[in-house]
Amino acid sequence: MNCNHPTPRADRKRRTTLSQRIARRRRIALAHMLRGACYGIGTGAIGLAFI
């Protein structure tokens, strides 16, 4: 058996990693919301143009 297990990360590093993951997910969610809003505006403008 391999007894060379990695040492557990420090609590501070774990919090930093968690905050980075949360920030990354927040940026991704905002990007999806912006893209959806742009698609909605574009679809509405095309719909009004045809009416």
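The values are calculated or read from the model by the stated rules, or taken from the named source; none is laboratory data. In this text the structure is predicted, and so the values were computed from the model without any measurement. Cβ: placed from backbone, ideal geometry, glycine included. Neighbour counts: every protein chain shown. Heavy atoms of the whole protein, side chains included, go into the accessibility calculation; ligands, DNA and RNA do not. Shrake-Rupley method; radii C 1.70, N 1.55, O 1.52, S 1.80 Å.
Tabulated results
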| quantity | calculated |
| --- | --- |
| By accessible area with a 1.4 Å probe, ligands and nucleic acids excluded, highest first: order of I46, I51 | I51, I46 |
| Heavy-atom accessible area ranking, 1.4 Å probe, most first, across T17, T43 | T43, T17 |
| Residue-by-residue Karplus 3J(HN,Hα) for the stretch 31-40, coefficients 6.51, -1.76, 1.60, Hz, glycine and proline x | 5, 5, 5, 5, 5, x, 5, 5, 4, x |
| Approximate spin-label separation A49-Q20, in nm, with each point projected 7 Å along Cα-to-Cβ | 4.4 nm |
